[in-house]
Each structure stands twice: as C-alpha cells, then as structure tokens.
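Please read the structure below before turning to the comments.
The values are calculated or read from the model by the stated rules, or taken from the named source; none is laboratory data. For clarity, every value in this text was computed on a predicted model and none was experimentally measured. Counting neighbours? That spans all protein chains shown, and the Cβs are built from the backbone with ideal geometry, glycine included. Heavy atoms of the whole protein, side chains included, go into the accessibility calculation; ligands, DNA and RNA do not. Shrake-Rupley method; radii C 1.70, N 1.55, O 1.52, S 1.80 Å.
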Amino acid sequence: MKFIDLEKQQLEIRSEIDEAIKNVLDHKRFILGPEVYELEETLANYVGVNHCISVSSGTDALLIAMMSLGIGKGDEVITTPFTFVSTSEMIVLLGAKPVYVDIDPATYNIDATKIESAITSQTKLIIPVSLFGQCSDMEKINQIASKYSLPVVEDAAQSFGATFKGTHSCALSTFGCASFFPSKPLGCYGDGGALFTNDDNLAKIAKEIRAHGQEKRYYHSRIGINGRIDTIQAAILLVKMKVFDKEVRLRKEIGARYTDLFNEYCPDDIITPFIDRRNVSVYAQYTIQVSNRHELMSQLNSYDIPTSVHYPLPLNKQPAFATEDFKLDVSSLVSEKVMSLPMHPYLSESDQNNVVKKCSEIIKGMV
C-alpha cells in the first residue's frame, strides 16, 4: 500500500502527459512558454479570480505575495504555528516577525477568535493556513482584517480545490497561495505553485517580482527573484486539471468513508477529522488524533501500512523559530497526537477497510 499513489493517476493520463511534454520539447519555449499562460487562465477561471500568477513553488508563492505587499523588517505577521515550515520561513526571510495564534482544537486551523487580541501597531498581515485540505474560517478572519485594514494571504498549499461557503480556496483573500508539489491535491512532477488575486496592481507587482523585478526586458523596477514555473510543469498541470474535478469528488468520498469506518470500528479511540459545515475539504491528508501514536504507527508499518505525522513539532518549538512568547497549548497537544493515514483519489475500498480494521485491532490490543 502506498501513502500517496501517483502511479495510478499517471497510468490513467500517461498518454496525454507524454504528448504534453513532447509538445514542449518540440517548441522549446521552456521558460514562460504558451502552456504557462494557458495554465494561468485555466486556474484563474477554476478558482474564480481575475489573476493567476504561476510560480516555481508554493514557498515562492508566499514569498512573492509578501514582497508584493511590502512586508519587511520590523513588521509582524499573524499566523499559525501548526503548519509546514514555509509559512514562517518566508516571514523571517523578509525580516518580519511571526506572531503565532493557537489553533482550533476541532479543525486544527488557526483559531480566528484569538486573532484580534494578537494585533498590534506593528501588525501588517494575517496568514491563515488552510490545513489538511479545508479552509480556515475566512469569514471571521476577513472581518477582523477589514476592521484593522490588514491584507490576508491564504496559505492554500494543501487546499487547492476546496471551498468555503461555495467559494474556492485561493479566492478568499488578498492573495491565495497554492502549491503544486507532487503530493498535493493538484500536483506536478516537480516543484510548482501559484498566486491568485483580484487586485490588478498586486498581480502586476507579483508578475514582476517572479522575474527578477523586471517590468520589461532588462528594465528592473523592483527587487525580485527567479520564481517562474517551468513550461513542462505547466503542461503537466494542464493535463491533470482535466481529471481534477473527479479527483476532488473521490477525495471527498474517501475521506467520508474513512470517518464512517472509524465510527463503526473504533468510535471511542480515534478522533477523526472535523469538517466545518461551511467547508468542502479536499483531504490533502486524512489525519486522525490518537493516544499511543508511536506504538500504533509502528505496528501499522509492520503490516506495510504507511503513516506520517503532520506535524510533530509546532513552529514555535522548531530551533529556527523557537520562542516562548506565545501560549499555544492546543498546538502543543495536537502535535503529540496526530497521525496521517494513506490518502489519495485512487485508494481502494479494500485498502481503506484494511487500514481501519488494523487500527482497531491494534488499539484494542493496547488496552
């Protein structure tokens, strides 16, 4: 059994992938070729925004978004400690300070009710992370941001394809930042990402920043980076978009089935994902909360059932960002108990049954 099975998807679309790559090899426009602009139009239409700016990774999407907004030395950026390192990494790289707000114990996303009390005169941005495939409480977050005239950047690395109150992730804030890392709900065969916005001026700035701050050829009006997506990766993503709606539906069905099975076999021993009623999740991971995590993972692995932990250490406890400035009890507790199970659109019912039954047997054996 595989934790994420990219091979099954590839078998379904391999001929189209091969043709798309061949087309790029034939026209040889490997940087900002026609597929890049076609992809940006396709993704912008899918999300429902005016602008998509494709970039080299989800990490660079966050960096470019913050650079476009002028985030820099001495600024404070409110975010969550329970996420991948990129979120804080890009804040610190720009000389700003991450201000951590604890997470909601049900969704694991930033607790929107605690954001306002963290705002100071130095606060310049809020970055909620739409974790594990479902959006944060963007309604509450945007209300607070509007009250204090703050921009919002949704870190949507794990939630492309999800919706909040019927609006797609990445269309819910000043900028939405997606990752197309191979294991993401929509993934290429290397690194890739995109920014989404309805703001014409911010889109212009972001496009310049991704190409060394270049306004026109050899005319650099601002500091930028080399942040362009490769044309080959754009071509691959265009093919994958043809099956993406189907895969989002399958992810939703598989996530719901996991939860039903766990409620049947071990309802008192495992906390399954809670999906806010306003959300449709793409289940980037299927993450449960358990006691005795190490023992359960070890025994599952002995049955060739792969597992992972997202995330074992909150960012405020990572050596690069270690701080005692914030009270983050929920993040600390959750990080000690969460574990992720095999999850992808092509996961079979028999494999799901096996995962859940083994979890049940192991947990009952530990009692």
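Structure data summary
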| read-out | value |
| --- | --- |
| For segment 101-235, fraction of C-alpha pairs farther apart than 20 Å, in % | 53 percent |
| Local net charge near V129, Cβ-Cβ under 11 Å (Lys/Arg +1, Asp/Glu -1) | -2 |
| Gyration tensor (Cα) of the chain, equivalent ellipsoid semi-axes in angstrom | 33, 27, 17 |
| Reach of K140 by Cα under 18 Å, taken over aspartates and glutamates that are not fewer than 8 positions away in the same chain | D102, D104, D111, E116, E154, D155, D276 |
| Listed residue (T167, I103, I229) projecting farthest to the positive dipole end of the chain, Cβ model | I229 |
| Candidates per trypsin sites (Lys or Arg not before Pro) in segment 1-52, loop by DSSP, up to 16 other Cβ within 10 Å | K2, K28, R29 |
| For the chain: accessible area per residue (Å², 1.4 Å) | 43 Å² |
| Lysines whose Cα lies under 26 Å from that of K317, excluding same-chain neighbours fewer than 8 positions away | K73, K97, K114, K124, K184, K327, K337 |
| Low-density loop cleavage sites - trypsin sites (Lys or Arg not before Pro) in segment 147-256, where at most 16 other Cβ are within 10 Å (DSSP) | K165, R217, R222 |
| Proximal charge balance of A61 [Cβ under 10 Å; K/R count +1, D/E count -1] | -1 |
| About the Cα centre, charge dipole magnitude for segment 217-320 (Lys/Arg +1, Asp/Glu -1 at Cβ), debye | 880 debye |
| Value of Rg to Rh for segment 32-111 (Rh from inverse mean 1/r over Cα pairs, i.e. Kirkwood) | 1.06 |
| Most fluctuating residue given options V355, V282, V243, as computed from a GNM of the chain linking Cα atoms under 10 Å | V243 |
| Taking segment 127-228 and dividing mean pair separation by its residue count, relative contact order in percent (alpha carbons under 8 Å, at least six apart) | 17 percent |
| Over the chain, relative contact order from alpha-carbon pairs under 8 Å, at least 6 apart, % | 22 percent |
| Surface share of carbon and sulfur [accessible, 1.4 angstrom probe, percent] for the chain | 49 percent |
| Positive minus negative residues near R293 (Lys, Arg vs Asp, Glu; Cβ under 10 Å) | -1 |
| Kirkwood hydrodynamic radius over Cα pairs of segment 238-367, then Stokes diffusion coefficient at 37 °C and 0.692 mPa s, in µm²/s | 203 µm²/s |
| Euclidean distance of C-alpha centroids, segment 45-115 and segment 336-358, integer Å | 30 Å |
| All aspartates and glutamates inside 19 Å of K357 as judged from Cα atoms, apart from same-chain residues fewer than 8 positions distant | E253, D260, E264, D268, D269, E295, D304, E349 |
| For segment 211-301: rounded, prolate or oblate by the Cα gyration tensor [a/c cutoff 1.5] | prolate |
| Relative contact order for segment 48-110, counting Cα pairs under 8 Å that sit 6 or more residues apart, in percent | 32 percent |
